[in-house]
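J.: Got a structure here, written out as structure tokens. Questions coming.
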Ligand SMILES: [Zn+2]
């Protein structure tokens, strides 16, 4: 395995429809990868089709992106993103729906009337934006509305609100059975699962949605408007469910579990809001259904089915690279997709995907098997060494194990694995191996190889790391060793040597918790001569900005990640802490602060040295100087060291703190005020370093200048002054 440089991406500003169910990833990662490994016009395969944005991004750049997409809802998202409906079509489609008749009413009026509530100020009847329910008691507790009189907000529900909800619930079974019917026939063995899934809809939502869907059947619309209307109804289906905790910022449901307090949103308003979600600008992308193929300019080629069905048909397409966002198990989205597909497109469309309904719990062994089923027949269809690049959203140990096991068993050799922070997607690169897996002798897991890999990962970081990082180091060692093989309870077997290693005396768990996945793991004995990752990052950023003043963040990240690849990838938090200490941003461009230019800092260090020298003679102590490996000044009295001052222009203090031979009480770091926050940040992230630094003190250049100007200074007074300047937390950085 060589080091994979983590590719930075951009957080999407508008992540698009149903994003709360889709993998949490960033834009620009896949295309940056492709730019290094292929050329526009090449065929790229996405065997999972779980992240429409990523497929679109590649197609837009001119690649021919073949996507196996088994979920009809995701397929619709892909097609719609390739050719988004215009705002005019969305509005026109909604207007046609609004004007449809329900009895002697307009449909809009009828649907809005389901949500009427009395304004507490002007007493008019207004449609509520949403109601608030409590799951346990089943009681409607609140209502949220905005009235034209200006009254707006959340109020307790009234008896009339409760009565309206009860009267709609009285006819629930009729509408619910229609909703059921569209997904499963009365004799369908899956019917019971559909019924269960439908429980995340309240009666009013079922009634409103089924009323709209019945209208869709009888409506004649142009194909463009029909597509626009389907889009609006699809997002309304999601907005209408009870899977909206209240209050909550950004719920990301993975299970069909109704939150303890949840919103019942107004379905008509959800349709109206959909106009914003769906109307996209952006460049159109050709999108065809396999076996048609997109032109030279690139585009999407959608295979309507799972990868295992596509693989045998890949003979005539020369796939240059496999690039994918790995899906996580998502029972909520998969089950709802089966429901929504039935409602929008009918039973036949929903049928192939309906198997997701049987399964209410997805464990990681199951998921590993599913990933393997998709990948296993793929490597034979690829050229030797063809890359398989996976973005792994919300990485956790079992997810990484499942991915690594599935790829290894499918005949891919690990090239690199890069992890950044816990919330960033992991990135893994494999290549099609030269030998088919069946030809290789199955190797057992060598616990010693795993242990050594974990130790060396920690030694290289030079700081404690989360379990995920050590788990990844162990996994990578198994992949290199070809011992990631399919066996019963494979994930537990992969985990065992990792956990066994951590029980050894070389590893220290910096937490009270017994759960190995919580807290940080460090080394009992860190080689004191190693620079920790944060120290290396600081030096590297300063060097980069000296050479490249006015650099954009992305270029800095790319350079840093290339220098510190794989499991060393620095977090954005660390990078920002260093920038906050050293650099200024103007219009997205970063430069060192004027006071942090090397010549100014050299002059500062000289001044500090002079101040300490002058003070020593005033206070009647003798002085010893040392220039390397550290700039050190000792104050001595009768041969005893009174103070050891380490002079620094940086916060690169790890080695100094660890190698210092003097008592910590009399050891001091002398540094610029602007470094204090960065040092505090470093101590905050590393409990081992924090305990070494516990009784140290810092003297800022400014404080030293003040001390040297004080008249009638004594050694006692000096000691007292030193104690009054603690290391400041990074929040106070703004003060400098
Ligand atoms: Zn009012």
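J.: Out of region 544-602, which residues are closer than 28 Å to residue 471 by Cα, part of a loop (DSSP other than H, G, I, E, B) and in contact with a helix residue (DSSP H, G or I) (Cβ under 8 Å, 6 or more places away or on another chain)?
T.: 564, 569, 570
J.: Please find, within region 101-127, the residue that is nearest to the ligand (Cβ to nearest atom) out of those that are surrounded by 17 or more Cβ atoms within 10 Å (Cβ to Cβ) and not in a helix (DSSP H, G or I).
T.: Among those that are surrounded by 17 or more Cβ atoms within 10 Å (Cβ to Cβ) and not in a helix (DSSP H, G or I), it is 119.
J.: Take the conditions part of a loop (DSSP other than H, G, I, E, B) and in contact with a helix residue (DSSP H, G or I) (Cβ under 8 Å, 6 or more places away or on another chain) and apply them to residue 359. Does it pass? Explain how you work it out, then say what you get.
T.: Details: part of a loop (DSSP other than H, G, I, E, B): yes; in contact with a helix residue (DSSP H, G or I) (Cβ under 8 Å, 6 or more places away or on another chain): yes.
The answer is yes for residue 359.
J.: Within region 179-192, can one find any residue that is under 30 Å from residue 231 (Cβ atoms), within 16 Å of the ligand (Cβ to nearest atom) and under 38 Å from the mean Cα position of the chain (by Cα)?
T.: No, region 179-192 contains no residue that is under 30 Å from residue 231 (Cβ atoms), within 16 Å of the ligand (Cβ to nearest atom) and under 38 Å from the mean Cα position of the chain (by Cα).
J.: Also, quick follow-up: Could you list all residues from region 128-166 that are surrounded by fewer than 16 Cβ atoms within 10 Å (Cβ to Cβ), within 13 Å of the ligand (Cβ to nearest atom) and farther than 23 Å from residue 259 by Cα?
T.: Those that are surrounded by fewer than 16 Cβ atoms within 10 Å (Cβ to Cβ), within 13 Å of the ligand (Cβ to nearest atom) and farther than 23 Å from residue 259 by Cα: 146, 148, 149, 150, 151, 152.
J.: Would you be able to say whether some residue in region 229-247 is part of a loop (DSSP other than H, G, I, E, B), in contact (Cβ under 8 Å) with a residue 60 or more places away in the chain and closer than 17 Å to residue 99 by Cβ?
T.: no
J.: Which one is surrounded by the fewest Cβ atoms within 10 Å (Cβ to Cβ), of the residues in region 298-328 that are in contact with a helix residue (DSSP H, G or I) (Cβ under 8 Å, 6 or more places away or on another chain) and assigned to a loop (DSSP other than H, G, I, E, B)?
T.: Out of the qualifying residues, it is 305.
J.: Follow-up question, since we're still on this one. In region 513-532, how many are closer than 13 Å to residue 465 by Cα and under 24 Å from the mean Cα position of the chain (by Cα)?
T.: 6
J.: Okay, next question. Is there a residue being touching a residue at least 60 places away in the same chain (Cβ under 8 Å), in a helix (DSSP H, G or I) and surrounded by fewer than 21 Cβ atoms within 10 Å (Cβ to Cβ) anywhere in region 511-529?
T.: Checked against the condition, which is being touching a residue at least 60 places away in the same chain (Cβ under 8 Å), in a helix (DSSP H, G or I) and surrounded by fewer than 21 Cβ atoms within 10 Å (Cβ to Cβ), region 511-529 yields no hits at all.
J.: Please verify whether residue 199 is exposed (fewer than 14 other Cβ atoms within 10 Å of the Cβ) and closer than 17 Å to residue 263 by Cβ, treating the condition exactly as stated.
T.: When the stated conditions are applied, residue 199 passes them.
J.: Something else about it: For region 586-604, enumerate the residues that are touching a strand residue (DSSP E or B) at 6+ places or on another chain (Cβ under 8 Å) and surrounded by fewer than 18 Cβ atoms within 10 Å (Cβ to Cβ).
T.: Those that are touching a strand residue (DSSP E or B) at 6+ places or on another chain (Cβ under 8 Å) and surrounded by fewer than 18 Cβ atoms within 10 Å (Cβ to Cβ): 588, 589, 593.
J.: Kindly establish whether residue 77 is touching a residue at least 12 places away in the same chain (Cβ under 8 Å), more than 16 Å from the ligand (Cβ to nearest atom) and either farther than 22 Å from residue 338 by Cα or in contact with a strand residue (DSSP E or B) (Cβ under 7 Å, 6 or more places away or on another chain) (or both).
T.: no
J.: Among the residues of region 208-216, are any under 20 Å from residue 75 (Cβ atoms) and at pLDDT 95 or above?
T.: Of region 208-216, the ones under 20 Å from residue 75 (Cβ atoms) are 213, 216.
From what's left, at pLDDT 95 or above: 213.
Checking region 208-216: at least one residue is under 20 Å from residue 75 (Cβ atoms) and at pLDDT 95 or above.
J.: State all residues of region 1-23 that are in a loop (DSSP other than H, G, I, E, B) and surrounded by fewer than 19 Cβ atoms within 10 Å (Cβ to Cβ); if no residue qualifies, say none.
T.: 1, 2, 3, 11, 12, 13, 14, 15, 16
J.: Quick check on region 55-88: of everything there that is in a helix (DSSP H, G or I) and over 16 Å from residue 282 (Cα atoms), which residue is nearest to the chain's Cα centre (by Cα)?
T.: Applying the filter and picking the extreme gives 74.
J.: What residue, of 263, 256, is modelled with pLDDT under 95 and either in a helix (DSSP H, G or I) or buried (at least 16 other Cβ atoms within 10 Å of the Cβ) (or both)?
T.: Answer to the check: 256.
J.: What's the total number of residues in region 92-135 that are within 38 Å of the chain's Cα centre (by Cα) and more than 21 Å from residue 209 (Cβ to Cβ)?
T.: Residues meeting the conditions: 2.
J.: Looking only at region 678-720, count every residue that is touching a residue at least 40 places away in the same chain (Cβ under 8 Å) and farther than 25 Å from residue 528 by Cβ and tell me the total.
T.: Number of matching residues: 9.
J.: Right, here's the next one. Of the numbered conditions (1) within 16 Å of the ligand (Cβ to nearest atom); (2) buried (at least 18 other Cβ atoms within 10 Å of the Cβ), residue 85 fails exactly one; give the number of that condition.
T.: (1)
The values are calculated or read from the model by the stated rules, or taken from the named source; none is laboratory data. Since we're looking at a predicted model, the values are computed, not measured. Neighbour counts run over all protein chains shown; Cβ positions are idealised from the backbone, glycine included.
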